[in-house]
1. Would you point out which residue out of A:GLU164, A:GLU148 is within 16 Å of ligand 2 (Cβ to nearest atom) and either under 15 Å from A:GLY103 (Cβ atoms) or of a type in the set (Lys, Arg) (or both)?
2. Here's a check for you: in segment A:165-180, which residue that is more than 15 Å from ligand 1 (Cβ to nearest atom) and in contact (Cβ under 8 Å) with a residue 40 or more places away in the chain is surrounded by the fewest Cβ atoms within 10 Å (Cβ to Cβ)?
3. Whether any residue in segment A:35-47 is more than 14 Å from chain B (Cβ to nearest Cβ), more than 16 Å from ligand 1 (Cβ to nearest atom) and within 21 Å of A:ALA219 (Cα to Cα) is what I want to check.
4. State which residue is most open to solvent (accessible area, probe 1.4 Å) when the search covers only segment A:2-41 and only residues that are in a strand (DSSP E or B) and free of Cβ contacts under 8 Å to residues at least 40 places away in the same chain.
5. Kindly indicate whether any position in segment B:173-190 is facing another protein chain (nearest Cβ under 10 Å) and aromatic (Phe, Trp, Tyr).
6. Go over the candidates B:LEU73, B:LEU61, B:LEU29, B:LEU19 one by one and state the one that is closer than 30 Å to B:GLN190 by Cβ and either among the hydrophobic types (A, V, I, L, M, F, W, C) or not in a helix (DSSP H, G or I) (or both).
7. With A:PHE47, A:PHE91, A:PHE63, A:PHE85 as the choices, which residue is within 16 Å of ligand 2 (Cβ to nearest atom), touching a helix residue (DSSP H, G or I) at 6+ places or on another chain (Cβ under 8 Å) and of a type in the set (Phe, Trp, Tyr)?
8. Where in segment A:59-142 are there helices (runs of 4 or more DSSP H), lying fully within it, with 2 or more residues that are among the charged types (D, E, K, R) and either facing chain B (nearest Cβ under 7 Å) or in contact with a strand residue (DSSP E or B) (Cβ under 6 Å, 6 or more places away or on another chain) (or both)?
Amino acid sequence: MTPLLEIQGLNKRFAGLVAVNDVSFSLAAGEIAGILGPNGAGKTTLFNLLTGFLASDSGSVRFDGRDLAGEPPHQIVNRGLARTFQLCRPFAGMSVLENVMVGCLAPRVRHRHAPRARARAILEAVGLAHRADAPVEVLPYGDLRRLEIARALATGPRLLLLDEPFAGLGATEIEPISALIRRLHASEGLTILLIEHRLREFMQLVSRVIAMDFGRVIASGTPADIVRHPRVIEAYIGRDDEVSETGEPPAGEPRGAA
Amino acid sequence: MKGRRATGVIVVLAALAALPLFIRSEYLLGILSVCFIYGIWATSWDFMSGLTGRENFGHALFIGAGAYTAAFLNGKVGFAPWWGLPAGAAMAGGLSLVIGIPTLRLRGPYFALAMLAAATIMQRLTLIFWQYSGGEEGIPGLDPLLESKAAVYYLCLGVFVVITLALLLLAGSHWGLILRSIRGDEAAAQAAGVNVTFHKIAALVVSAFCAGIGGVLYAHYQEAVTPDVFSVALSISIIIMVYVGGIGSLYGPAAGAVLLALLPELLRGLGQYRLWVYSLVLIFILFFAPEGVIAPLWRRVTGGATGGAP
Ligand SMILES: Nc1ncnc2c1ncn2[C@@H]1O[C@H](COP(=O)(O)OP(=O)(O)O)[C@@H](O)[C@H]1O
Ligand SMILES: [Mg+2]
C-alpha cells in the first residue's frame, strides 16, 4: 500500500542555519505517530514545509500520491492535510462557533454539510459545545487548545498535524486532550502526526516516534525503543541546561519515562 | 432583540425619507445628499478594511476614478449622465484589481502604501493630462443626474441605503465570516482553508465598486469635478469617519460618516472657531472611545452582542 504521507530528502535552511536536514519518513493511513525533539530541532519548520507555509530548498512531500510542491497552504488543506499551531491562533473578534465555522467553509467540506450544524457537532466532539457563543478572548488556555484542534477538524482532514497540542497545559489538562486525540484516531480513523518535546506524553498515545535533533531524524521506532535509544538520550541529557518554552527542562525525561 | 433593531432601522429610514417634506431649503437638502455620499464611501471602506484588517490609505483613488470617469463621459464626450454610474463603478473596480493583485498577496504595508501612492499619482496625472481632465479647474458644467434637489436627495439616500444594506448582508454571510477570519489571524485563516489573497482582492473590488458609484454621484451632484477627489485629505477623513462610527460594523461608519459630514454645517454658527471645535470633537472621540461611538451605542440601545453585523 502506498503511504498517505511520504517525505523524501526534505531540506530547509534559514540564513546559515539548517533547520530541516535531509528528513525522510512516511506515514501509513490510519497511523498515529509522534515527532520528538528538543526545542529548535526543526519540528515546527517541518510542519511548515508539509503545509505550504514555507517552501523547501529541496526534497519532496507526497500526500495521497500527489506531490505538494508549490501548493499554497489553503490548497493543501483542501487536499485533506490540516494542522494546528504551537501557539494557539484563534480568530480574534469572533465567537468560538464562528472560529470553527470558518474551517467548515473550506471547499472540501462546505457543500456536503451545513457549516453551522457541522461546527456545532465538532464543538460537541471536542468538548467545547458549552462555549459555542463565547468570544475567543475569554477562553482559558486549555479550551483554546481544543479550539485549535476543532478548527483543523472542521476542514475534514485525512491527516491531522498537531504542533505541541499539550504546550502550556498543566498535568491535569493534558490527559483529557490526550484522550481526545486517541478518540479522533480510533473513532474517526484519522491519521495523526503530533509534535511533542516531552517523551512522557507519547508513551500511551502513539505507535511510532520519530526523533529529531538539529534538523535531522536521529531515530525512529516504538516509544519503548526510543526511550532506550542512545542518540535520543544523548540529545536530551547532553543539553540539560536547556529550558523549554513551557518553562520545564526537558532534560532527563527519557529516564523519567522509562 | 432583532425586532428592536428592525424597528430602529425603519424609524431612521422613515425619518430620512420624510425630511424633504419639512426641509424646503435646497441648500440643506444638498448638504444632506453629500452626507449620504460620504456614508457610501465610509461603508465601502469598512467593508474591505474593517472586515479584513488591511487598511486602505487611498480610498480617494476609487472615488476619483468614478468621479472623473463620469465627468469625462458626460462633460467631454457628451454621454447622458446615467452612463457614468456603470462606467465609473467599473473603472474603480478595475483600478482596484491593478493595485490589489500585486500588493494583497504580500504581508506588510505594501497595500496601504500603494493605495496612498496611487491616489496621489492620479491627482498629479489630472494636472499632466489637462487636455482630458481639465487640469487644476477640473471638468465643470456636468449635467445633474436629476433636476430637482429633492430628487437628488432621494437618489443619494436610496443608493446609500441599498449599498449599506447589501454590504451588511454580505458581512453577515459566510463570506463575511471568511473576511473577518483574515482580520483575526491571516495564517490561521490559511490553515483553515481560506484563500486569503483571493478573498482580500474580491473584498477590495466590491469596496472600490461602491466607492466609485459614490464618486459618480458626487461629480454629478457638484456638476463638476476637481482633482480634490483624489486627495489624501479625503482618504483620511473617510478613515476618521469609520473609526468614529466603529470600525468593522459597517452601519457604525455609515451613520458616523453622515453625522460627521453634517457636523461642520451644524457648527456654522461658531464662525471662525468651527474647525477648532470640529477637530476637538474628533480628537475627543478617538481618544476616549477607541471602539468608536455609533456602533457601541447602537448595540447598547438594541441590546445586541458585540461584533458582526446587526
Ligand atoms: N522563519 C524563520 N526564520 C529563521 N529561522 C527560523 C525560522 N523558523 C525557525 N527558525 C529556526 O529554525 C530552527 C528550528 O526551529 P523550529 O522548527 O521552530 O524548532 P522546534 O519546533 O523543533 O522547536 C530554530 O533554530 C529556529 O530559530
Ligand atoms: Mg516548535
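The values are calculated or read from the model by the stated rules, or taken from the named source; none is laboratory data. Just so you know, these numbers come straight off a predicted model, no measurement behind them. Methodologically, a virtual Cβ is constructed for each residue, glycine included, from the backbone with ideal geometry; neighbour enumeration extends over all protein chains shown. For accessibility, only protein heavy atoms count, side chains too; no ligands or nucleic acids. Shrake-Rupley method; radii C 1.70, N 1.55, O 1.52, S 1.80 Å.
1. When all the criteria are applied, what remains is A:GLU148.
2. For segment A:165-180, the residue satisfying everything is A:PRO176.
3. no
4. Ranking the qualifying residues of segment A:2-41, first place goes to A:LEU17.
5. Yes, because at least one residue in segment B:173-190 is facing another protein chain (nearest Cβ under 10 Å) and aromatic (Phe, Trp, Tyr).
6. On the way: B:LEU73 fails: closer than 30 Å to B:GLN190 by Cβ; B:LEU29 fails: closer than 30 Å to B:GLN190 by Cβ; B:LEU19 fails: closer than 30 Å to B:GLN190 by Cβ.
One residue alone meets the criteria, B:LEU61.
7. A:PHE85 is the lone residue from the list that is within 16 Å of ligand 2 (Cβ to nearest atom), touching a helix residue (DSSP H, G or I) at 6+ places or on another chain (Cβ under 8 Å) and of a type in the set (Phe, Trp, Tyr).
8. none
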